[in-house]
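What follows is a set of notes on a single structure, which appears directly below.
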Amino acid sequence: MRVDVAYTPAVLAPAALAGATALVVDVLRASTSIVTALAHGCLGVVPVGDPDEARERAAATPGALVAGERRGEPLAGFDLGNSPLEFSPARVGGRLVFLTTSNGTGALLAVRAAAAVGVAAFVNLSAAAVWAAAERRNVVVACAGERGARSLEDEVCAGLLVDRLLAAVPGATAGPEAGEAARHARPYGPDLGRLAQDSSWARHLAARGRARDVAACLTLDSFALVPLYRADVDKVVSAYR
């Protein structure tokens, strides 16, 4: 097994995705919200690139919800934003959610060529590593980044996943970016809360009154499941437990 990290969707190589397992990471906040939604009984999450398309598809699907944000702010007329705290059992249980975000949903759509796609965050880090190791394929950890730029919190999550995978699979190797991510992530392993100050996006969210979101997203292993993106039906349809 070879483990690679793509710091942004723009650098994803189609050849690297072919036959590989992809783990999509958008810690603040799409990955965390998707994990939370499925843990709370959501029927599935449909990643959509455009807000207008998300509205139209949700409106055409009885009982569906539309959720998302741009630049961290909820979208007018949407049922939900992109706060994991909003994806409660009472709100999303038994419902399909059409989700569009600034970065995370685009990263999901960018890895459709992979053989298998899971959604990872700090809140399900251990489960995501176990699932990816069990797939016995090369792994590409795809960071959503921030509007085309690198994202510290995504890279730390990716680096911790790299270390877990290397420890779990004898003979596994890390590509250059994966090795770099792992080295940068290790100091944060004992204290993810440091990212609340070190991450520029975490500071932005906190300044906008979303410090509780940040705290929830920087919590390790709140859930023991991995949402799986099925490209053939274009939905995150199930959760590996």
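Worth pointing out:
- Residue-wise HN-Hα couplings along region 173-184, as the Karplus relation 6.51 cos²θ - 1.76 cosθ + 1.60 with θ = phi - 60° gives them from phi, are 10, 10, x, x, 5, 5, x, 5, 4, 4, 4, 6 Hz; Gly and Pro carry x.
- Among 161, 85, 28, 205, a tally of other beta-carbon atoms within 10 Å of each Cβ gives an order, fewest to most, of 85, 205, 161, 28.
- In plain terms, the residue of 233, 141 with the fewest other Cβ atoms within 10 Å comes first and the most crowded comes last, giving 233, 141.
- The chain: relative contact order as a whole-number percent, Cα under 8 Å and 6+ apart: 32
- Under 5 Å, built H, 5+ apart or other chain: amide partners of residue 72: 102
- Amide H to amide H distances under 5 Å link residue 146 with 151, where only residues 5 or more positions off or on other chains count and H is placed in the peptide plane.
- Only helical runs count toward this figure. For the chain, summing -39,500 (n - 2.57) over DSSP H runs of n ≥ 4 and dividing by all residues gives -10500 deg cm²/dmol at 222 nm.
Throughout, read-outs are computed from the coordinates displayed, never taken from laboratory work. Every value quoted in this text rests on a predicted model; they were computed, and no experiment measured them. Positions of Cβ are generated from backbone atoms using ideal geometry, with glycine treated the same way; all protein chains shown enter the neighbour counts.
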